[in-house]
Amino acid sequence: MDMEYIEVKDLKRKYKMGKDIVVGALQGVSFTLKEGSFTSIVGSSGSGKSTLLNILGGLDWEYTGGIYIEGKNIKEYEPNYYRRYIVGTVFQQFYLIPSLTVEENILLPIKFQGKRERDINERLEYLLKKVGLEDRRKHLPKELSGGQAQRVAIARALIDSPKIVLADEPTGNLDSKTGESILNLLEELNESEDITILLVTHDMQVAKYTPEVITLVDGKNV
């Protein structure tokens with residue numbers, strides 16, 4: 001638990017906006033995180049936090065600098081493997097499939113993996129209980145509250161037992177009471193699953209829930 005689990009070194013990302021216009025979304029971000037940590041990445045709009053999240057989530061490989069997990073450069077991973085077993089992402093917009101039930105949405109990432117049905121069902125039952133949705137398993141997304149939909153998204157991100165969970169503004173579309181329950185759930189999962197969680201937010205009140213905070217300003221951490 002004391003090792004530097006995640007190491008980000010001089011991370012830079014530039015976007016070409018026109019013939020002669022280059023925007024530096026990240027301009028040398030560096031930090032380390034310990035295994036099992038619960039950390040907020042805080043920044044206003046335009047600070048670079050969405051770019052950082054996309055890179056950490058394996059959605060953008062066009063960066064310079066390095067990201068190492070347990071000493072291994074993430075570019076050495078096959079992208080789909082990285083996005084399935086190394087990181088799980090919880091999105092602000094939930095991105096649930098309207099025609100699928102709660103349990104079908106949770107199981108979507110492992111639908112074609114050929115895992116033993118018994119193992120899959122055990123993991124599903126465990127997560128449904130953890131996120132408090134055992135009685136909603138056959139419901140469709142339209143029958144859920146915003147908080148319940150976010151809990152489905154969290155369970156889906158965890159179904160493959162990733163080592164790291166990235167949560168993108170997980171309370172952004174929720175009222176304050178529901179948002180607080182989601183933060184408490186993430187805090188509990190951080191401990192019970194022994195996973196490393198990075199929570200991206202623009203809200204300092206949300207960041208207060210995490211023991212560590214990384215602040216981004218104009219593409220740099222300060």
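Under 6 Å between Cβ atoms, which residue pairs at least 6 apart in sequence (or on different chains) link something in the stretch 162-182 that is over 16 Å from T210 (Cβ atoms) with a partner that is at pLDDT 90 or above and among the small types (G, A, S)?
P162/G88; N173/G146; L174/G146; L174/G147; T178/G147
Taking the conditions exactly as written (in contact (Cβ under 8 Å) with a residue 40 or more places away in the chain, surrounded by fewer than 15 Cβ atoms within 10 Å (Cβ to Cβ) and out of contact with any Leu (no Cβ under 8 Å at 6 or more places or on another chain)), does K138 satisfy them or not?
So K138 does not fit the description; no.
Can N105 be described as assigned to a helix (DSSP H, G or I) and out of contact with any helix residue (DSSP H, G or I) (no Cβ under 9 Å at 6 or more places or on another chain)?
Considered against the rule, which asks whether it is assigned to a helix (DSSP H, G or I) and out of contact with any helix residue (DSSP H, G or I) (no Cβ under 9 Å at 6 or more places or on another chain), N105 comes out as no.
List every residue pair whose Cβ atoms sit under 8 Å apart, with the two residues 6 or more apart in sequence or on different chains, where the first one lies in the stretch 143-154 and is of a type in the set (D, E, K, R) and the second, anywhere, is not in a loop (DSSP other than H, G, I, E, B).
From the stretch 143-154, the pairs are E143/R136; R151/I182; R151/L185.
Please enumerate the residues belonging to the stretch 131-150 that are in a helix (DSSP H, G or I) and over 19 Å from V87 (Cβ atoms). Show your work before the answer.
Of all residues in the stretch 131-150, those in a helix (DSSP H, G or I) come to 134-136, 141-143, 146-150.
The answer is E134, D135, R136, P141, K142, E143, G146, G147, Q148, A149.
Being under 17 Å from the mean Cα position of the chain (by Cα), in a helix (DSSP H, G or I), touching a residue at least 12 places away in the same chain (Cβ under 8 Å) and closer than 18 Å to L56 by Cβ, is that true of even one residue in the stretch 207-222?
yes
Within the set of pairs 6+ apart or on separate chains, which have a first residue in the stretch 41-67 that is in contact (Cβ under 8 Å) with a residue 12 or more places away in the chain and among the aliphatic types (A, V, I, L, M), a second that is surrounded by fewer than 19 Cβ atoms within 10 Å (Cβ to Cβ) and part of a loop (DSSP other than H, G, I, E, B), and C-beta atoms under 8 Å apart?
Short answer, once both residue conditions are applied: V42/H202; V42/D203; I55/W61.
Could you list, in sequence order, all residues of the stretch 186-208 that are surrounded by fewer than 19 Cβ atoms within 10 Å (Cβ to Cβ), at pLDDT 90 or above, under 21 Å from Q148 (Cβ atoms) and in contact with a helix residue (DSSP H, G or I) (Cβ under 9 Å, 6 or more places away or on another chain)?
E188
I'd like the full set of residues that are farther than 21 Å from D168 by Cα and touching a Phe, Trp or Tyr at 6+ places or on another chain (Cβ under 7 Å), limited to the stretch 48-82. It would help to see each step written out before you state the result.
The initial filter retains those residues of the stretch 48-82 that are farther than 21 Å from D168 by Cα, namely 64-66, 70-73, 75-78.
The answer is E70, K75.
Identify all residues within the stretch 161-185 that are crowded, with 22+ Cβ neighbours inside 10 Å and in contact with a Lys or Arg (Cβ under 9 Å, 6 or more places away or on another chain); write none if there are none.
Across the stretch 161-185, the qualifying residue is only I182.
Considering only the stretch 40-50, state which residues are surrounded by fewer than 20 Cβ atoms within 10 Å (Cβ to Cβ) and in contact with a strand residue (DSSP E or B) (Cβ under 9 Å, 6 or more places away or on another chain).
Within the stretch 40-50, S44, G46, S50 meet the criteria.
Taking only the stretch 7-30 into account, find how many residues are surrounded by 13 or more Cβ atoms within 10 Å (Cβ to Cβ), modelled with pLDDT under 95 and over 11 Å from G219 (Cβ atoms).
Adding up the residues that qualify gives 0.
Which numbered condition in (1) among the charged types (D, E, K, R); (2) in contact (Cβ under 8 Å) with a residue 24 or more places away in the chain; (3) part of a loop (DSSP other than H, G, I, E, B) is the only one that D20 fails?
(2)
Name the single residue, out of those in the stretch 178-206 being outside any helix (DSSP H, G or I) and acidic (D, E), that is nearest to S30 (Cα to Cα).
Among those that are outside any helix (DSSP H, G or I) and acidic (D, E), it is D203.
The values are calculated or read from the model by the stated rules, or taken from the named source; none is laboratory data. As the structure is a prediction and not an experimental result, all values here were calculated from the model. Please note: Cβ atoms are built from the backbone with ideal geometry, for glycine as well, and neighbour counts cover all protein chains shown.
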